[in-house]
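> Please read through the structure below; I'll follow up with questions.
The values are calculated or read from the model by the stated rules, or taken from the named source; none is laboratory data. Because the structure is a prediction, the values reported are computed rather than measured. Please note: Cβ atoms are built from the backbone with ideal geometry, for glycine as well, and neighbour counts cover all protein chains shown. The protein model used for the area step is the full one, side chains on, heavy atoms only, and it has no ligands, DNA or RNA in it. Shrake-Rupley method; radii C 1.70, N 1.55, O 1.52, S 1.80 Å.
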Amino acid sequence: MPSDNLRWETLEFLKNSPKARITYDPYWSERGEDILAGYQETLSLSSQSGIILEQLNSKITPNVVGLGFGSGQSSPGLTVSSSPTGLSCVRTNTTNETPSLKLEQEQASNENDQDPENVDDEICSPLPSPTFSLLSPEAMAKAGRIIMFEEETCQKAKTAFEDRQERQEKLVMVVASTESEQLKRFEELLELKQRQEYQSMRDMMDRETKESIGRQEKLKEEQRHRLKIQNLRLREVEQQRLKEAEMERLRLVEGKERLRNLNSIQEEILQLNQLLEPSTQGPSATNGSYSTRGNQLCSQVSEVVRKTADGQYPSTEDMNVAERSLHEMRNLIRLMQEEIAKAQEEEKKKELEESNRKQAELKTQQESQKKAEQLAKERAKKQGLRNNADETTLKWYKELQEHLSQCAQSVEELKSSKDAQAKRLRLELQKAAIIPINQISTNSGIQLREIFEQLDKLLSGGAIVSGGRSICSSHHPQGSDFVFYKVAERFVKQGDEAVSSHHESAFPIGMAASGIWQLHPRFGKLLLGHLHKNCPYAVPHYPQMKHGTSVEDYQRTLGYRVTDAGVEDQDCFLKRMSGMIRLYAAIIQQRWPFDSKQGLPAHGLSNGWRWLAQMLNMEPIADITATLLLDFLEVCGHALLKSYQGQFWKIFLLLKEQYLPRIEAVTSSDQMGSVSRLRVFIEKVLRERQIRPPKGELLPMFWRS
């Protein structure tokens, strides 16, 4: 196509034109210049331009339009070209002047190369209204296409530049935003590293803190362990010291016990030796040897006793020597009694012979004696046993009851006081008196000693700690009487309640009561007063019903519990009486082993002998007499037999042969249980020829527990 050929020609023309050699300056926009500002072209005519112009002038001279200057003249052969800057450059084109123009152009180009600014000043000058002549249509078309192409190219360049500038701005913005984000990420990374470093430092500090705390805890644990070991060692040393002190105390207690046994052995040997002395007057010459051997045995025991005169206690070997001497003395007595019995049999034979001779003479006398004996028996049957205790015992009983009433009246003010302080003191004293007694048991001797010391301190008027507070009976005028009254009352109630249910508890309770009685005799009077008031059979006393007394009051006098529901059951009554009699039997046979005074008990076995003798001299009561006799003998029979021996066997045979039938005579068939138990006990004792120690008796091992 022709248009395509023209395009290619135009491109070829542009390629060969000076504009194709334009250098691109990337900073033209910053300087505010045009993109083609660097293009400077020097217009020149070729060597054949003159010919062409002559031909053109000949052909189109009439059509050439001349544009004059301000004077209206035209310059033929003058062409005007417009520079891209809008300035007009005037050139003279003549054929004759072509070489000179070329020479001048070369010089101008050289000068232009030396100083482009001066060349422009000399050649180019602004023309207010340039006049030029049009070229041929083809040249004009080419020039127009070139100009249009340049304009399009310039516009495209501007558009591309604007697009590129916009892209650059966007790229700058993107880069700026990216850099901002990267800066933020970098700052976040730095902050993260700082936090990590801070956290690591904090973790390290926490770890060091934990390690230091662990070390401190370990040191504390080691310190506690060392303290624990030290405390254990101190406790072991203290326990060893206490053990040694306890062993020393037990050694002293055993030594005192051996000394008491030695004294009792010496006393028994001396008494047996007195039985040997009359035997020397007998017909047999060998009886003198018994007396001599008895004196030797007494000397041996005296020699052992003499060793203890310097405050020493007898040893086990000394006790063995004394016991062997006592055993040998008893054998001597038995042998002597056998010989005396043989001698008496011989004398009886002689007496029988003499009696046969004098039978006739004594016959009348025997008949008269039989008549007198029958009369005496008839009088004894008519007279019978007493229904009550003797006058001395009743007088003693009334004195104790009067003393108890006086003590009750003296503490009435404290008991009925409305003062809050007095009430609080009364309650505290009552607790201090009752609670320790309730804690007495058969489990621990050490605990029994502590309770005894606390009661002793309370009765002595000292300050004790009860319920976390310090109290003293001397804080009130009636405080001492109140404490004595309540302690005695509580001991009797322990017999009523504890001993009646658990018979073995009579011994620790009785031991504490006996020890307090030894130190405080007033306590003993109040104890007996409460005991006789609750159990008159401990006197023994059978109260008689007085005129005008109601049945309920009389039953209370006999010891029964009478309430709104009625009178208590007979079994409960007998159980309570049995507990109080057992407590009384335990008190009279025991003595507090830790008392510094070596003497007889305040209320010893002689009172038990008195009670038993008076019981057998009084008419029996159904179900009561048999029960109380059995309880008393089970607890106190062994001690009475050990102390009174032959005399006890006499009274025991009297109980079996004479008094037991009287008990059976007044007992109905449905009440024979207590009588049967008493008969079985009596037969067992006579069969074994001994009364076994009671169950629950306090042995030396008890005080070590």
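> Report, by chain and number, residues whose modeled amide H sits under 5 Å from the one on H541, excluding near sequence neighbours (fewer than 5 apart, same chain).
Under 5 Å from the amide H of H541: no residue qualifies.
> Continuing with the same structure: Place the peptides 263-272, 661-670 in order of packing, highest mean first, counting for every residue the other Cβ atoms within 10 Å and averaging per peptide. Mind dumping the intermediate values first?
Values: 263-272: 15.9, 661-670: 12.7.
Highest-to-lowest ranking by the protection proxy: 263-272, 661-670.
> Separate question: To the nearest µm²/s, what D does Stokes-Einstein give for the stretch 153-261 at 20 °C and 1.002 mPa s, using the Kirkwood radius over alpha carbon pairs as Rh?
Numbers: Rh = 23.2 Å.
It comes out at roughly 92 µm²/s.
> If packing is taken as the mean number of other Cβ atoms within 10 Å per residue, what is the order of 247-256, 577-586, highest first?
Values: 247-256: 13.2, 577-586: 27.4.
In decreasing order of mean packing, 247-256, 577-586 become 577-586, 247-256.
> Hey, another quick one. If you rank Y313, Y397 by how much accessible surface each has, with a 1.4 Å probe, what is the order from largest down? Provide the component values of the computation, followed by the final result.
Numbers: Y313 75, Y397 40 Å².
Of Y313, Y397, the descending order of accessible area is Y313, Y397.
> Please give the direction-averaged projected area of the C-alpha convex hull for the stretch 292-334, in square nanometres with one decimal.
Numbers: hull surface 11.1 nm².
Averaged projected hull area, Cα only: 2.8 nm².
> For the stretch 491-546, take the convex hull of the Cα atoms, compute a quarter of its surface area, and give me that in nm², please. The partial results should precede the final answer.
Details: hull surface 17.7 nm².
It is 4.4 nm².
> If I ignore ligands, DNA and RNA and count only protein heavy atoms, how much of L528 is accessible to a 1.4 Å probe, in Å² to the nearest 10?
Accessible surface of L528 is approximately 10 Å².
> Now for a separate question. Would you please put 230-243, 319-332 in order of how densely packed they are, using the mean number of other Cβ atoms within 10 angstrom per residue and starting with the highest? List each step's numbers first, then the result.
Details: 230-243: 10.4, 319-332: 17.1.
Descending packing order for the listed peptides: 319-332, 230-243.
> While we're on this one: How large are Rg and Dmax for the stretch 635-705 when calculated on the C-alpha trace, in angstrom?
Expressed in Å, the Cα Rg and Dmax of the stretch 635-705 come to 15.2, 49.
> Would you mind getting me the FRET efficiency between L189 and S212? Use the beta-carbon distance for r and R0 = 30 Å, nearest 0.05. Spell out each step's value before the answer.
Working: r = 34 Å, r/R0 = 1.12.
After rounding to 0.05, the efficiency reads 0.35.
> Additional query: Enumerate the amide H contacts of W592 below 5 Å, restricted to partners 5 or more residues apart or on another chain; note that Pro and chain-start residues carry no placed amide H.
G515
> Something else about it: For the stretch 492-627, what is the Kirkwood estimate of the hydrodynamic radius, computed as the reciprocal of the mean inverse distance between distinct Cα atoms, to one decimal in Å? Walk me through the intermediate numbers first.
Working: mean 1/r = 0.0629 Å⁻¹.
Answer for the stretch 492-627: a Kirkwood hydrodynamic radius of 15.9 Å.
> I've got another one for you. For q values of 0.25 Å⁻¹, compute log₁₀ I(q)/I(0) with the Debye formula on a Cα-only model of the stretch 409-468, without solvent.
For the stretch 409-468 at q = 0.25 Å⁻¹, log10 I(q)/I(0) is -1.07.
> Rounded to the nearest angstrom and ordered from largest down, what semi-axes does the equivalent ellipsoid of the stretch 210-263 get from its C-alpha gyration tensor (root of 5λ)? List each step's numbers first, then the result.
Working: eigenvalues 500, 4, 3 Å².
Square roots of five times the eigenvalues give 50, 5, 4 Å.
> Still on this model: Given a Förster radius of 60 Å and the C-beta distance between Q406 and E317 as r, what FRET efficiency does 1/(1 + (r/R0)^6) yield to the nearest 0.05?
Working: r = 55 Å, r/R0 = 0.92.
FRET efficiency, Q406 to E317: 0.60.
> Between M201 and R164, what FRET efficiency comes out of the Förster formula 1/(1 + (r/R0)^6) with R0 = 35 Å and r the beta carbon distance, rounded to 0.05? Write down the numbers at each step before the final one.
Numbers: r = 52 Å, r/R0 = 1.49.
Plugging the Cβ-Cβ distance into 1/(1 + (r/R0)^6) gives 0.10.
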